[in-house]
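S.K.: Starting off with a structure, shown below.
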Amino acid sequence: MNARSGAERRAVALKLTVIAAALAGFGPPALADERDEEIARLTRPDSQVSVGVGAVSDDNTRFGQYSGMVDKKLYLLLDIDMTKREDASGTWTTLQGHNLGLESRDLRFGQQRQGNWGYFIDYSAIPRYSPYTPITRLAGEDSQSQVVNGLPTPRALQMETIRQRVDLGFDKLLPSNFEMQVRARSEEKTGRRLFGRSGVDFLVDPIDYSTQILEATANYTTERLQLSGGFYGTNFVNSKAKLDATGGTGSSFSPIALPPGNQSQQFNLAGGYNFSQTTRATFKAAYTHQTQDEQFMDTPASGVNRSSLGGEVNTLFLQGGITARPIRGLTLLANVRHEDRHDATPIVDYFVVSAPSTATGENEPRSIRTTAAKFEASYPLPWQIRGTAALDYEQKWRNTSSVRVVSYREKTEETALRLEGRRTLAETLNGSLALIVADRGGSDWLTNFQSTPSGGVSTTPGSNLVHPLHLADRHRNKLRATATWTPMERLDLQFVGDVAKDTYGGRTLGLDKGSAAFLSVDGAYRLSDAWQLTAWLSRDDTKADLHSCASAASSNLGDISACPNSPASPIWSANLRNVGNTLGIGVKGRPTGPLQLAADLQISKQRGEFNQGPMPVVTPAVTAVPDVNYSRKILRLSGDYALTKRSGVRAQFIQDRFHTDDYTWAGWTYSDGTTVNPNSDQRVNFIGVSGYYNF
Amino acid sequence: VSTSLLRFLLFIASFLLAGGAAAQQAERKDLALTGDAKCTRCHDESEEYPVLAIGKTKHGTRADARTPTCTSCHGMSDTHINKPADATERPRPTVSFGRKSAVPIEVRNQACLTCHQGGKRIHWQNSTHATRDVACSSCHQVHAQHDAVRDKFTQPQVCFACHKEQRAEINRPVRHPVQEGKVVCSDCHNPHGSAGEKLLVRDSVNDTCYVCHMEKRGPFVRTHQPVQENCAICHNPHGTVNDNLLRYRAPWLCQQCHEPTSHRGAIAGVTGGAASSNSSGIGVTMARSCLNCHTNIHGTNNPKDVTNERTFRR
């Protein structure tokens, strides 16, 4: 429920006193009419249309990144939210349109006879403007035939993608506790994305995707048993699954394969059964058949009698869970899920790799089996605290190829123990404190060997120096604390704190250790019945220590001496760190009956640190990467003045400032001369005024 | 003061017009829900928590025989309706949902589950939300026409009431369009529970990402193992400072897995060294870093290896 201010309550109370008088049944007819009208107004769905104009002060790439307001000009502000109910039949008709004057428009129409049938059609567009503007002579940027330096003079390319999506839905309540739902989606995604190729030439990824999704579900629901089963099918088509690029220094890299079309069909069944008021079991089973048979964009080597991959992935998903309260206060939970992703793509020797190498010419199907289990028990303790002990276990098995480019183990196992105390029902102070200890290990590491000229496995080791981050042994300690405190009637405070430390086991190179800390404080203070002040502050600090070396011997068994570790090529470290601070302050209120005001300021700052060393002693000297900083300040002021009971005006002012000193694109020039403007500074003002009418 | 005086006078007038006690006993009409008269004789829109707006919601559609009355959710509340003579304060309803309610969370939630179980809520009871004492009313405004959590423009703020880290992340420079209401929490997560991990709408992280990013699904002639296993190994979907929602920027992200032979262990720098992509220096750091050449990092369907491009370069 929405809490009302005192002023609102008094205004409504006056009207309802009139109702009270009339409800006695003996009031004058005028009072009875007013009563009916007032009750209808309070219980009938509201509708509103809003129209206005907004002005953006400057061209930008951040403020309008997802709304499309990237140009300095006027924009139509048009919204409609129409909700009508025919009370006699319970038929709802809705028409909702948001941002109809912008590229990011939504429009949805639906009808529903509640308790019987319903349908809707929904259109939504999602633009995305890249913050980066290439200055390039590339020709044919939207086509599959691009020419590096094909234009006489460079020009700025606006990099934008847009998704245009239509969703259809139909619901029908059937006899005997059955219900049917059908959802269908068709989406077109077109536009440009930064791309390139070895050389290094600048290219554009000419996006022209089409996606269809169909989901049909039948539900059966009784007090004890609930079942939900259906079909989920997807189809992805890329109209530009190949890119030809001529000119430039990387001309041998053409044509280039772009994402292939693929399809999937899934049948699923989920259910729940209430054995009693305190014991419930759930399950889900799903089988997915996924294929990829896009015509190859280039003719395979002679002897490969295939025109497409014939990719096939079959996935079986099973889940079972039970929750119970066997004795007063004790809650138990057990849950197990298993996913077997079997990549049944035929293995074909597509090409000859000059041996020795870290790969063969065979494609590498990826099969993955995941089994995860969770057991949890909680019991009430003194001081209104509920204690919880939980054990999480996850095992992953992955297949691998005979020749690998990275170190590998087939199985990982992670066990996590969580102990938690939680207080939720006290009046002034609630919160929780949780300690999580997790260990990940796994099967023995496989030794990498190089390939033979015939595509087999030689006895010459490959490189075995790094344990990949998602496979490495890891010990994690995590402490999480939350608190909500109401020290006085007008003030609410909320604290969230997280500290986690990771230690990676195994080899000298790769990830060594990491940590993450997060702290957030929120406050809300009711200055009066009419005014409220809110503020929040959060800080996050994530670290990861990484070691590596350049030009390690390509044949090693994990001995760190494979690294030259010389002044010119040292074993180096990068102590990566991301620090973020975000502050939000808001005030809103109703200084007079028809006027509402709100102000909101948000300041967000992030810093990326790399802390490299030692740097190689070479000529010319390598300059370490500097810290990068990002800053964004957004001020929003808004006002709403009700002219009449049904109409009013709104005004909004936004100032959006962004700055970064990111080194990434500064001073970078592609081999074809293309440069990229990162648009590092932005200061945009937006003013919008609109009128609304309720009906 | 004038408002209070006017209210008092109107009450007096109503008693006079209605004939005093006889009027009090007249049968009252339901206002919003079938059978709500015994509640709305006291509770109306002048409450701190107004009740009549429930009539604007699906719960208030009286033509649908399934819709509830007040006591369907709040319990019979006999002592609340008829205050015992020896009680100094009026007892609360049998089931109350406010922040100061002492009613156990599972009892409050059962009031909703009585009708709303099954379908996408089948897995509610073993969801993280249920086991962490989240009440339905913690997120849903049952008495309001516009339930903030069911509106994609306001939903994230409801979720951020607890999920503070995600609130900070969506304010980072690289993010999904959450603030614009284009990709919201419930597009990826089912807060009512799911069979898979992280309350995701599909059974795995990747299957959830593929709903919008199906071009990454493959399978490909050359596959990148972590891509097939879990998108979240490299990406943080809630927001980062690195392009493409990468957890760390290249080359350091890549160096967390890849062996340091050849150029792969090159130390990043912004000037000096060799400018090419093959050794220490700016070639492996600037612009898109490793992705300058390895453009098809999610996998490539190229069946050839003419110039050693099998490493996701063509």
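S.K.: Which condition number in (1) closer than 30 Å to A:Asp293 by Cβ; (2) of a type in the set (A, V, I, L, M, F, W, C); (3) facing chain A (nearest Cβ under 7 Å) is the one that B:Val270 fails?
M.R.: That leaves (1) as the condition not met.
S.K.: To continue, here is another question. Could you say whether any residue in the stretch B:171-181 is surrounded by fewer than 18 Cβ atoms within 10 Å (Cβ to Cβ) and in contact with a Phe, Trp or Tyr (Cβ under 6 Å, 6 or more places away or on another chain)?
M.R.: Within the stretch B:171-181, one or more residues are surrounded by fewer than 18 Cβ atoms within 10 Å (Cβ to Cβ) and in contact with a Phe, Trp or Tyr (Cβ under 6 Å, 6 or more places away or on another chain).
S.K.: Still on this model: When you look at B:Lys198, is it more than 30 Å from A:Ala472 (Cβ to Cβ) and open to solvent by 50 Å² or more (accessible area, probe 1.4 Å), yes or no?
M.R.: Answer is no for this residue.
S.K.: For the stretch A:152-185, how many residues are assigned to a strand (DSSP E or B), touching a residue at least 12 places away in the same chain (Cβ under 8 Å) and open to solvent by 50 Å² or more (accessible area, probe 1.4 Å)? If you could, list the steps in order and put the result at the bottom.
M.R.: Taking the stretch A:152-185 first, the residues assigned to a strand (DSSP E or B) are A:155-156, A:160-174, A:178-185.
Narrowing the set further to residues that are touching a residue at least 12 places away in the same chain (Cβ under 8 Å) leaves A:155-156, A:160-173, A:178-185.
Going one step further and asking which of them are open to solvent by 50 Å² or more (accessible area, probe 1.4 Å), we end up with A:155-156, A:164, A:166, A:168, A:170, A:172-173, A:178-180, A:183, A:185.
Going through the stretch A:152-185 one residue at a time, the tally reaches 13.
S.K.: Could you please find all residues in the stretch A:243-253 being surrounded by 20 or more Cβ atoms within 10 Å (Cβ to Cβ) and more than 8 Å from chain B (Cβ to nearest Cβ)? Break it down stepwise before answering.
M.R.: Residues of the stretch A:243-253 surrounded by 20 or more Cβ atoms within 10 Å (Cβ to Cβ): A:243, A:245, A:248, A:250, A:253.
Listed by number, the residues that qualify are A:Leu243, A:Ala245, A:Gly248, A:Gly250.
S.K.: Does A:Thr345 satisfy the criteria of being open to solvent by less than 20 Å² (accessible area, probe 1.4 Å), under 21 Å from B:Lys304 (Cα atoms) and at the interface with chain B (Cβ under 9 Å from one of its Cβ atoms)?
M.R.: Numbers: open to solvent by less than 20 Å² (accessible area, probe 1.4 Å): yes; under 21 Å from B:Lys304 (Cα atoms): yes; at the interface with chain B (Cβ under 9 Å from one of its Cβ atoms): yes.
So A:Thr345 passes the test.
S.K.: Taking the conditions exactly as written (loosely packed, with under 15 Cβ neighbours inside 10 Å and polar (S, T, N, Q)), does A:Ser671 satisfy them or not?
M.R.: Values: loosely packed, with under 15 Cβ neighbours inside 10 Å: no; polar (S, T, N, Q): yes.
Spelling it out, it is not the case that A:Ser671 is loosely packed, with under 15 Cβ neighbours inside 10 Å and polar (S, T, N, Q).
S.K.: Can you tell me which of A:Asp79, A:Asp106, A:Asp122 is open to solvent by 40 Å² or more (accessible area, probe 1.4 Å), within 30 Å of A:Ala651 (Cα to Cα), within 14 Å of chain B (Cβ to nearest Cβ) and within 27 Å of the chain's Cα centre (by Cα)? Before you say what the answer is, go through the steps one by one.
M.R.: Details: A:Asp106 fails: open to solvent by 40 Å² or more (accessible area, probe 1.4 Å); A:Asp122 fails: open to solvent by 40 Å² or more (accessible area, probe 1.4 Å).
Residue meeting the stated conditions: A:Asp79.
S.K.: Scan the stretch B:149-182 residue by residue and report those that are assigned to a helix (DSSP H, G or I) and more than 26 Å from A:Gln96 (Cα to Cα).
M.R.: In the first step, residues of the stretch B:149-182 are kept if they are assigned to a helix (DSSP H, G or I); the result is B:149-150, B:155-159, B:164-169.
Passing the criteria: B:Lys164, B:Glu165, B:Gln166, B:Arg167, B:Ala168, B:Glu169.
S.K.: (1) open to solvent by 10 Å² or more (accessible area, probe 1.4 Å); (2) touching a Gly at 6+ places or on another chain (Cβ under 6 Å): which one isn't true of A:Gln226, the others all being true?
M.R.: Single failed check for A:Gln226: (1).
S.K.: Further question: Answer with yes or no whether A:Arg632 is crowded, with 17+ Cβ neighbours inside 10 Å, out of contact with any helix residue (DSSP H, G or I) (no Cβ under 9 Å at 6 or more places or on another chain), among the basic types (Lys, Arg) and under 23 Å from A:Arg539 (Cα atoms). Lay out the reasoning, then the answer.
M.R.: Values: crowded, with 17+ Cβ neighbours inside 10 Å: yes; out of contact with any helix residue (DSSP H, G or I) (no Cβ under 9 Å at 6 or more places or on another chain): yes; among the basic types (Lys, Arg): yes; under 23 Å from A:Arg539 (Cα atoms): yes.
So A:Arg632 passes the test.
S.K.: Could you say whether any residue in the stretch A:275-293 is facing another protein chain (nearest Cβ under 8 Å), more than 30 Å from B:Gly193 (Cα to Cα) and among the charged types (D, E, K, R)?
M.R.: Looking through the stretch A:275-293, none of the residues is facing another protein chain (nearest Cβ under 8 Å), more than 30 Å from B:Gly193 (Cα to Cα) and among the charged types (D, E, K, R).
S.K.: Could you check how many residues of the stretch A:195-217 are in contact with an Asp or Glu (Cβ under 7 Å, 6 or more places away or on another chain) and within 8 Å of another protein chain (Cβ to nearest Cβ)? Before you say what the answer is, go through the steps one by one.
M.R.: Step one: of the stretch A:195-217, the residues in contact with an Asp or Glu (Cβ under 7 Å, 6 or more places away or on another chain) are A:195, A:201-202, A:204, A:206, A:209-211.
Subset that is within 8 Å of another protein chain (Cβ to nearest Cβ): A:195, A:209, A:211.
Within the stretch A:195-217, residues that are in contact with an Asp or Glu (Cβ under 7 Å, 6 or more places away or on another chain) and within 8 Å of another protein chain (Cβ to nearest Cβ) number 3.
S.K.: Which of the residues spanning the stretch A:350-368 are open to solvent by 80 Å² or more (accessible area, probe 1.4 Å) and either more than 11 Å from every other protein chain (Cβ to nearest Cβ) or of a type in the set (A, V, I, L, M) (or both)? Quick ask: steps written out before the conclusion?
M.R.: From the stretch A:350-368, those open to solvent by 80 Å² or more (accessible area, probe 1.4 Å) are A:352, A:354, A:356; that's our starting set.
A:Val352, A:Pro356, listed by residue number.
S.K.: Go over the candidates A:Gly421, A:Gly441, A:Gly387, A:Gly431 one by one and state the one that is under 28 Å from the mean Cα position of the chain (by Cα), in a strand (DSSP E or B) and over 23 Å from B:Arg217 (Cβ atoms).
M.R.: Of the residues listed, the single one that is under 28 Å from the mean Cα position of the chain (by Cα), in a strand (DSSP E or B) and over 23 Å from B:Arg217 (Cβ atoms) is A:Gly431.
S.K.: Name the residue, out of B:Ala195, B:Ala144, B:Ala232, B:Ala161, that is closer than 19 Å to B:Lys120 by Cα and at the interface with another protein chain (Cβ under 10 Å from one of its Cβ atoms).
M.R.: Values: B:Ala144 fails: closer than 19 Å to B:Lys120 by Cα; B:Ala232 fails: closer than 19 Å to B:Lys120 by Cα; B:Ala161 fails: closer than 19 Å to B:Lys120 by Cα.
Sole residue among the options that is closer than 19 Å to B:Lys120 by Cα and at the interface with another protein chain (Cβ under 10 Å from one of its Cβ atoms): B:Ala195.
S.K.: Scan the stretch A:677-691 for residues that are of a type in the set (Asp, Glu) and within 23 Å of A:Asn99 (Cα to Cα) and report the count. Quick ask: steps written out before the conclusion?
M.R.: Within the stretch A:677-691, the first condition is being of a type in the set (Asp, Glu), and the residues that meet it are A:681.
Filter once more, keeping what is within 23 Å of A:Asn99 (Cα to Cα): none.
So the answer is 0.
The values are calculated or read from the model by the stated rules, or taken from the named source; none is laboratory data. Quantities reported herein were computed from a predicted structural model and do not represent experimental measurements. Here Cβ is always computed from backbone atoms with ideal geometry, including for glycine, and neighbour counts include all displayed protein chains. Heavy atoms of the whole protein, side chains included, go into the accessibility calculation; ligands, DNA and RNA do not. Shrake-Rupley method; radii C 1.70, N 1.55, O 1.52, S 1.80 Å.
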